[in-house]
Amino acid sequence: MQFPPGFLWGAATSAYQIEGGWDADGKGESIWDRFSRAPGRVAGGATGEVACDHYRRYAGDVALMAGLGLNAYRFSIAWPRVQPGGAGAANQRGLDFYRRLVDALNEAGITPVPTLYHWDLPQALQERGGWAGRDTAERFAEYAGLVAAALGDQAPLWATLNEPMLITYAGHANGAKAPGLRRPWLSWQVAHHLLLAHGLGVAAFRAAAPAGSRPGLGIVLNIRPCHPATGRARDRRAAARLDAITNRLFLAPLFRGRYPPEAARFFLSRLAGLRARPGDLATIGAPLDFLGLNVYTRAVVAAAPASATGLRVLRPAAPVTGMGWEIYPPAISEAVALAREHTGLPLYLTENGAAFDGALDDRERIAFLRAHLAEAHRAIASGADLRGYFVWSLMDNFEWEHGYGPRFGLVHVDYATQARTPRASARWYSRVIAQNGLPAE
Ligand code: IFM
């Protein structure tokens, strides 16, 4: 199973999950700094204040990636390092960190793939309404411009947002993630402001990138294929609804210039309408260079008339990962097919992976990655323009409200000593990269 020449083989992380250095070099407070310190929000009272100490250990981590043979690395930039208060001039020391990081990556021959926003909003913006307010979308464009001016010519692929769906629902409807709001009626408005931030950010980034550079811009969506629990019409409708309010809620405005009618009906009848301005959908639909897909599992959905959404996602019975997520490799080809229904852009699998028990001899992870890569290969064979794959994650890290329990890393991290130890899966992945294909079992 050979992959196309030039395929990007990477691993992914995000700023709050690995960097630590929460107030280093003038960084401002983020909503995750605030949220994780609040009692009862994160398992074990864990925070990202130290995490993997990557802020100080980045050079060693780049050497580790080079040793594994990765040719790409997806990471995120912490907005509050660049704009500690969420507005105004850039904090040069914050930008300098990312400059050092991209320099080290480029010197090692590892393609940097930065994401501008992976959930760590400056707390100051949350206090002015956060993603429920339109101003945050405008502030994001300002931030995108600052990063573009400083670093826009240093990386070929830039994502605006990571997983706006998670920010919408986990951040604002069920409150599991920062800012921890339980206000489901905000969902459509928050999703719209995130999409608007993306569109405004794309324009600002292109305008501010150094002359002569042509950074590729995209967005990263998490796609969870939705399957009806039975062939009954009501379960099929429930699955279609979940698909509309999660996957298509973002794909349709980005690529078809409208919200899915099914999602609009749901929000209007059960939650609240949308305040938008003429021209917003055109801004959101700005032409892009790629689409990133984060794919982990599927949802099996049944009608549940008594619940607020009218549906419920069944607890998986099949083999699951340490997160309790069903291991369902066809999710990859199904997510790619859904993306291709909406766009012919080049695609990247910007996250895929699994948490297991932390063992160094992680055969379950190897089996997981092999099965999912085989699906990626199948998608390419059926005509998908899939250009890269990023394992989540390079190393164990802060898994949001779950703290440090789940271990997603190719590389084990001993949090007491910060020692990094590649797992068997890391060595296996090195072979995949070296062969540009899957080794025989
Ligand atoms: O850790 C997260 C990441 O931040 C976003 N995508 C899913 C991962 C695993 O839950």
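Tabulated data
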| quantity | calculated |
| --- | --- |
| Cα-based shape type of segment 345-387, given that a ≥ b ≥ c are square roots of the gyration tensor eigenvalues and the cut on a/c is 1.5 | prolate |
| Segment 1-85, relative contact order in percent, only Cα pairs under 8 angstrom and at least six apart counted | 47 percent |
| Set of segment 295-324 residues, backbone N closer than 18 Å to the point 7 Å along the Cα-Cβ line of ALA337 | 295-301 |
| Local net charge near TYR259, Cβ-Cβ under 14 Å (Lys/Arg +1, Asp/Glu -1) | +3 |
| Centre separation in Å (Cα based) which lies between segment 35-59 and segment 382-433 | 18 Å |
| Net length gained if the chain between THR230 and GLN2 were fully extended (0.36 nm per residue, minus Cα distance) | 78.4 nm |
| Scattering profile of the chain at q = 0.07, 0.08, 0.12, 0.13 Å⁻¹ [log10 I(q)/I(0), Debye over alpha-carbon scatterers] | -0.31, -0.41, -1.00, -1.20 |
| Extension gain from ALA38 to ARG270, taking 0.36 nm per residue of separation minus the Cα-Cα distance | 80.5 nm |
| Residue-span extension gain [ALA381 to ASP135] - 0.36 nm each, minus C-alpha spacing | 84.2 nm |
| Inter-site label distance for ARG182 and GLN418 at 7 Å from Cα along Cβ, in nm | 3.8 nm |
| Taking the C-alpha atoms of segment 302-441, convex hull volume expressed per residue in Å³ | 147 Å³ |
| Segment 310-380: C-alpha gyration tensor shape, a/c 1.5 cut-off, then a/b vs b/c | oblate |
| Dipole-positive endmost among TRP400, ILE380, ALA359 within segment 333-400 (Cβ charges, Cα centre) | ILE380 |
| Cα→Cβ-extended label distance, 7 Å offset, between ASP103 and ALA87, nm | 3.3 nm |
| Dipole of the chain [Lys/Arg +1, Asp/Glu -1 at C-beta], most positive-end residue of ALA87, LEU251, ALA306 | ALA306 |
| Gyration tensor (alpha-carbon) shape descriptor, segment 253-331, a/c threshold 1.5 | oblate |
| Principal semi-axes in Å for segment 159-295 [√(5λ), Cα gyration tensor, largest first] | 28, 16, 15 |
| Zone of ARG277's modelled label, taken as backbone nitrogen in segment 200-221 under 17 Å from a point 7 Å along Cα→Cβ | 200-204 |
| 3J(HN,Hα) from dihedral phi, segment 192-204, Karplus parametrisation 6.51/-1.76/1.60, rounded to Hz, x for glycine, proline | 5, 5, 5, 5, 5, 4, 4, x, 5, x, 4, 5, 5 |
| Charged-residue dipole, Cβ positions (Lys, Arg, Asp, Glu), segment 291-397 about Cα centre, Debye nearest 20 | 260 debye |
| Local electrostatic count at ALA108 - Lys and Arg +1, Asp and Glu -1, tallied over other residues with Cβ under 13 Å | -2 |
| Furthest towards positive pole of dipole, ALA24, ALA12, GLY67, structure part segment 6-67, Cβ charges | ALA12 |
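Values quoted throughout were computed directly from the atomic coordinates according to the rules given, and no laboratory measurement underlies them. None of these values were measured; they are calculated from a predicted model. In this analysis, Cβ positions are derived from the backbone assuming ideal geometry, glycine residues included, and neighbour counts consider all displayed protein chains.
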